[in-house]
Amino acid sequence: MADQRTAIDLDHHSEEYAAESTERLAEYRSRCPVAWSEHHGGFWCVSNHELGSAAFRDWESFSNAKFVDRSGDVRGGIVIPSNPSLNLIPDEVDPPQWHGYRRLLNRRFAPAAIDELRPRIRFTTAQMIDAFIERGEADLVLDVANPIPAAVTLEMLNLPIEELELFALPFHEIVYAPAGSDTRRHAEQGFVKIYDRVNELVGERRRHPREDDFMSELIAADIDGEALDDDEIVRIVMQLLGGGIDTTTALLGSVFMYLDEHPELRTRLLDEPGLLVTATEEFMRFYSPIQAIGRSTTRELQFGGEDLGAHEPVLISIASMNRDHHLFREPDSLILDRMPNRHAGFGMGIHRCLGSNLARAMFQETLVGVLKRLPDYRVDRERAESYAVISAVAGWITIPCTFTPGSRLT
Ligand code: HEM
């Protein structure tokens, strides 16, 4: 069967792929936008915008859900190879169940709710910058891009902010640490602790519900008359932590590096609010913080000229969709006022990012905070380090920088 398929040698977990992904994806996109890779048990890769959007939108043929195969193994979900210890709500749930969960969560992430949060995000940003502003040196990932989105997310979920490191670090480490490394082990141990702590907090909230509290609201809620159990609540909280913490971090890291090379754009981004809005979308398109996302076919189907079997993994390359010249003029150039910009950075179809408005707000408030208070930051490019592997997220491990020291605001 496999020999009739258009084959590509794509291992999205390899360092080779990370080093040359832009060129490799351009080749797949033009030569074989649907192709089969034998790596990780075999999967299809979809790499152009038209077919990627079609797969995103056809949730009946391309499922997000986990399933148990004939040999009893857990497969499917949004990462390839499948991760059996993860079972996210709502991202790894298909309709009809998906509707109830999403309806429950939409209100908190609607544009008006996020606008109300902006002053709080601004304050958190000011506090985080205060912690190092007098020193004249900082790490734009570890002191800014990781802790600010993490603190905002914890606050939104009413999780204890004093435990920021417990909740935030494993999500950052897991996306870049190679399998078998000490960092990976550290991250995995960290995840066990997060699970335990979230479980414990759900139990506490059941005993002592709080006013205006995310978990208490989930406990009190029902979907079609049925209350959520602890497992469902923990899976929702884990999803929101994962969504909230390292994705915006990745975007901020890429943009800090870009503005290090293009300092002349810093004042323009501050002075022209309209430019900041279009630039946010263009940075999302160009850097694609989430590079690719998985699906599983639910049936045999013909797609992009290939015969897909039932229950086969499919990787939709968002990074590749976002560089498709059929949709974007000069796709490999960053054009800050690009309009329209129908990028796939937040996904498409029913699972399109629940947190997109929050992500934009966190990104913009953090960027503005840094550009106002560290206007002359210079990155130590020798020591800056990007993720060696970009299987899911493309970002930065560390971005050391120096700047003229300033004074605290809070
Ligand atoms: C720059 C930052 C972000 C990027 C690049 C991003 C990207 C994405 C993408 C590509 C998807 C689609 C997944 C799929 O098709 O299966 C998604 C879904 C999702 N995102 Fe985000 N995201 C970001 C920030 C956030 C934030 C801040 C949150 C919330 C705290 C969040 C929560 C979610 C949730 C809950 C889903 C699943 C929605 C569903 O299944 O209905 N994301 N995100």
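Observations, loosely collected:
- Taking segment 310-321 as the range and being touching a residue at least 40 places away in the same chain (Cβ under 8 Å) and either away from the ligand (no atom under 11 Å from the Cβ) or not in a strand (DSSP E or B) (or both) as the test, the residues that pass are 311, 312, 313, 314, 315, 317, 318, 319, 320, 321.
- Residue 355 being within 27 Å of residue 22 (Cα to Cα) and out of contact with any strand residue (DSSP E or B) (no Cβ under 7 Å at 6 or more places or on another chain): yes
- Filter result for the condition that a residue is within 12 Å of the ligand (Cβ to nearest atom), surrounded by 20 or more Cβ atoms within 10 Å (Cβ to Cβ) and modelled with pLDDT of 95 or more, over 114, 129: 114
To keep it simple, each residue is scored yes or no on (1) at pLDDT below 95; (2) among the hydrophobic types (A, V, I, L, M, F, W, C).
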| site | (1), (2) |
| --- | --- |
| 67 | no, yes |
| 79 | yes, yes |
| 90 | no, no |
| 95 | no, no |
| 102 | no, no |
| 133 | no, yes |
| 140 | no, yes |
| 175 | yes, yes |
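- Total residues in segment 293-302 satisfying the condition of being away from the ligand (no atom under 16 Å from the Cβ) and buried (at least 20 other Cβ atoms within 10 Å of the Cβ): the figure is 0.
- Residue-level analysis places residue 335 outside the set of residues that are within 15 Å of the ligand (Cβ to nearest atom) and aliphatic (A, V, I, L, M).
- Condition met for residue 238 (within 14 Å of the ligand (Cβ to nearest atom), touching a residue at least 24 places away in the same chain (Cβ under 8 Å), surrounded by fewer than 20 Cβ atoms within 10 Å (Cβ to Cβ) and under 26 Å from residue 157 (Cβ atoms)): yes
- Each residue in segment 186-210 was checked for being among the aliphatic types (A, V, I, L, M) and out of contact with any helix residue (DSSP H, G or I) (no Cβ under 8 Å at 6 or more places or on another chain), and 1 pass.
- Neighbours by Cβ (under 8 Å, 6+ apart or cross-chain): first from segment 392-409, over 14 Å from residue 252 (Cα atoms); second modelled with pLDDT under 95 and in a loop (DSSP other than H, G, I, E, B): 392/79
- Scope segment 156-170; condition in contact (Cβ under 8 Å) with a residue 60 or more places away in the chain and either closer than 23 Å to residue 188 by Cβ or polar (S, T, N, Q) (or both); matching residues: 157, 159, 167, 168
- Across segment 21-38, not a single residue is classified as part of a loop (DSSP other than H, G, I, E, B) and touching an Asp or Glu at 6+ places or on another chain (Cβ under 7 Å).
- Filter pass, residue 180 being surrounded by fewer than 18 Cβ atoms within 10 Å (Cβ to Cβ), free of Cβ contacts under 8 Å to residues at least 24 places away in the same chain and farther than 25 Å from residue 121 by Cβ: yes
- Any hit, segment 72-94, residues being small (Gly, Ala, Ser), loosely packed, with under 15 Cβ neighbours inside 10 Å and within 13 Å of the ligand (Cβ to nearest atom): no
- Test: residue in segment 23-45 that is among the polar types (S, T, N, Q) and either within 23 Å of the chain's Cα centre (by Cα) or within 12 Å of the ligand (Cβ to nearest atom) (or both): no
- Residue 61 vs. criteria within 20 Å of the chain's Cα centre (by Cα), surrounded by fewer than 21 Cβ atoms within 10 Å (Cβ to Cβ) and of a type in the set (Ser, Thr, Tyr): no
- If you go through segment 168-200 and pick out every residue that is in a helix (DSSP H, G or I), out of contact with any Gly (no Cβ under 9 Å at 6 or more places or on another chain) and not basic (Lys, Arg), you end up with 16.
The values are calculated or read from the model by the stated rules, or taken from the named source; none is laboratory data. The shown structure was predicted, so the numbers you read here are calculated from the model rather than taken from an experiment. Because the Cβ atoms are built from the backbone with ideal geometry, glycine has one as well, and the counts that use them run over all protein chains shown.
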